[in-house]
Structure formats: C-alpha cells, structure tokens
Amino acid sequence: MDIAVRGLNGLLMIALPLALGIFLVRRLHLPWAIFGAGGLTFVASQVVHLPFNRWVLQPFLMRFGLGPESGPAGLVAVALLLGLSAGVCEEGARYLAYRYGLRRVREWSQGVLFGAGHGGVEAILLGLLALVGLMQAVAYRGVDLGTLLPPGQVAAAQAQLAAYWESPWYYALLGALERASALCVQITLAVLVLQVFVRRQPGWMAIAIGWHALIDGVAVVAAQVWGVLATEGLIAILALVSLCMLYALRPTPIAPVPAPAAAAPMPLPPADLPHGDALESSRYVD
C-alpha cells in the first residue's frame with residue numbers, strides 16, 4: 001500500500017502538468033513551443049537560483065545566525081530572503097524570456113500556456129525525483145547501511161529512511177497536491193510579468209516578485225510553525241487567490257460595433273398620379 005501510494009504521487013506529479021498542457025494547447029489553439037519555452041525558462045532560472053542559494057544566501061544566513069532556531073524574527077528573515085531569492089530568479093528569467101526570446105508572446109492566453117510550461121517542468125522534475133527516492137527507499141529497506149555508507153553517514157541515513165516509511169500514507173499524496181497549487185501560482189506569475197510588456201508598466205514586475213516571495217515565505221514559516229497539512233492547505237488557499245488574480249487580468253472581450261443602419265429608400269409615388277409630360281398637360285385640364 002505504501003509503495004503504491006508513493007508511486008502514484010510521483011506519477012501524478014508528472015501526469016498533471018502534461019494533461020494541463022494538452023488541454024491548454026487544444027483549448028487555446030496555441031503551439032507546444034510556448035509550453036516548452038516556459039519549461040526551459042524554469043530550468044534557466046534554477047541555473048542561477050540554486051548556486052546563489054548554496055554559495056551566497058546560505059553562508060550569509062549562517063554568518064548572521066539566522067534560521068528557525070534563532071526565534072520568530074530569524075525564521076521570518078529566512079523566509080523572506082528565500083522567497084525573494086526564488087522570486088527574483090524565476091520572475092527575472094520570465095522577464096528576459098518575454099523581452100528577448102518571446103517578443104510575439106503578448107496575449108493573456110499565451111502567458112497562461114507559458115506559465116503552465118514553467119510550473120509543469122518543475123512538477124515533472126520533482127515527480128521524477130520522487131520516483132527515484134521511492135526506488136532508493138525500497139532498495140535500502142532492510143539493508144544494513146553500514147555496509148554501504150561511511151560510518152559518519154549511517155545514522156543520518158537510517159533516520160531519513162525511517163522517517164520516509166513512518167509517515168502516514170496520505171502524506172505521500174501531498175506532493176501532487178502541492179504541484180497542483182504551484183501550477184496555479186506559476187501561471188498567474190507568468191501573466192503578471194507579461195503585464196510589464198502589455199501595459200508598459202514596470203511595476204508589474206515588482207508585484208510578481210512580491211507575490212512569489214510572499215507565497216514561498218508563507219510556506220517556509222507555516223511548515224515550521226503549523227506542520228505539513230496546514231501548510232499545504234494554506235498554499236492551496238493562496239493558489240485560489242492567484243486564480244482570482246489571473247481571472248481579473250483576463251482581457252475584456254470587445255463588443256462588436258453595430259453597422260450603421262441603411263438609409264430608408266425613397267417612397268415611390270402612387271401609380272395613379274400623372275408623371276412627366278402627362279403632369280405638364282394636366283395643368284390645362286378644367
């Protein structure tokens with residue numbers, strides 16, 4: 001049962017964005033290239049994001065003693081910095097993609113598909129990692145890790161493996177739920193950044209970064225304070241708020257201008273009235 005549910009979670013994380021992509025491509029009549037461009041943009045953003053967190057942000061946090069163990073203020077500081085790191089890198093990558101690579105992508109529907117590709121590739125990669133983690137956990141189950149790992153790593157590996165199998169089965173499906181919420185957020189963020197070009201207002205970039213940072217920051221704080229279930233529920237609520245924002249940004253259909261009414265034809269004279277020469281000669285009739 002545990003193995004089946006954990007495997008289902010990974011498969012759902014992969015299948016969900018693909019199904020969404022198929023639906024959007026067919027419904028919006030747009031090419032898969034926009035979806036793929038969104039996926040490439042996510043990968044490009046992580047080329048900067050992950051090294052920045054590892055080599056710049058983490059040493060900074062350690063130097064100033066910031067972390068969950070440093071109290072509420074430290075936790076909030078970490079959440080904000082991690083959220084800003086993700087927001088600047090991912091929304092910056094989206095901006096560059098719109099600015100230089102996707103100059104013809106300026107419609108709301110195109111932004112939706114682009115965001116689906118961004119969040120979709122993220123979900124697919126995480127789903128693959130979840131399946132790989134499941135295979136490793138199954139392979140190491142009941143195995144003496146002391147024969148495979150250095151002595152200093154055995155205790156930590158055993159604790160991770162025990163925590164993996166001891167978590168309730170329904171926890172395994174939270175990964176798919178989180179990716180569904182993340183897809184809603186990523187689509188909205190893509191459309192928010194698109195407003196920089198559609199409306200020619202740079203302030204929309206700050207809105208996108210701020211919304212991204214807020215959601216990621218809330219997730220970090222909630223996971224430490226309220227636990228996994230409450231965190232996923234809160235993220236789902238923020239995803240619904242994102243969808244409301246997305247709907248509000250949808251362009252209003254322009255009502256067709258009615259054609260001008262045709263001029264009424266001139267009425268014909270009655271058939272019994274004299275015309276032409278007859279009318280002239282009638283002037284002399286008594």
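Can you tell me which residue among Y164, Y171, Y140 is farther than 22 Å from V228 by Cα and of a type in the set (F, W, Y)? Break it down stepwise before answering.
Values: Y164 fails: farther than 22 Å from V228 by Cα; Y171 fails: farther than 22 Å from V228 by Cα.
Only one candidate passes the filter, namely Y140.
So which of L40, L11 is under 16 Å from the mean Cα position of the chain (by Cα) and at negative phi?
Matching residue, one of L40, L11: L40.
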Notebook entry, point to check: Yes or no: V185 touching a Phe, Trp or Tyr at 6+ places or on another chain (Cβ under 7 Å) and either buried (at least 21 other Cβ atoms within 10 Å of the Cβ) or small (G, A, S) (or both)?
Noted result: no
Check: Going by the conditions given, is L61 part of a helix (DSSP H, G or I) and at pLDDT below 95?
Finding: yes
Check: Name the residues in segment 110-151 that are among the β-branched types (V, I, T), more than 11 Å from P17 (Cβ to Cβ) and either modelled with pLDDT of 95 or more or over 34 Å from the mean Cα position of the chain (by Cα) (or both), would you?
Finding: V112, V132, V143, T147
Next item on the list: Test A172 against the stated conditions and say whether it is within 21 Å of L8 (Cα to Cα), without any contact (Cβ under 8 Å) to a residue 12 or more places away in the chain and either assigned to a helix (DSSP H, G or I) or in contact with a Pro (Cβ under 7 Å, 6 or more places away or on another chain) (or both).
Entry: no
Item checked: Residue count for segment 108-152, restricted to those that are touching a residue at least 24 places away in the same chain (Cβ under 8 Å) and either at positive phi or not hydrophobic (A, V, I, L, M, F, W, C) (or both) -> 12
Check: Looking at G87, G74, which one is in contact (Cβ under 8 Å) with a residue 40 or more places away in the chain and either on the phi < 0 side of the Ramachandran plot or aliphatic (A, V, I, L, M) (or both)?
Finding: G87
Checklist line | Restricting segment 23-38 to residues that are in contact (Cβ under 8 Å) with a residue 24 or more places away in the chain and part of a helix (DSSP H, G or I), the residue that is surrounded by the most Cβ atoms within 10 Å (Cβ to Cβ) | finding: G38
Notebook entry, point to check: Only one of (1) closer than 26 Å to A206 by Cβ; (2) without any contact (Cβ under 8 Å) to a residue 40 or more places away in the chain; (3) of a type in the set (K, R) fails for R94. Which number is that?
Noted result: (2)
Next item on the list: Could you tell me whether any residue of segment 97-112 is within 26 Å of G10 (Cα to Cα) and in a helix (DSSP H, G or I)?
Entry: yes
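The values are calculated or read from the model by the stated rules, or taken from the named source; none is laboratory data. All values derive from a computational prediction rather than experimental measurement. Note that we place each Cβ from the backbone using ideal geometry, even for glycine, and neighbour counts take in every protein chain shown.
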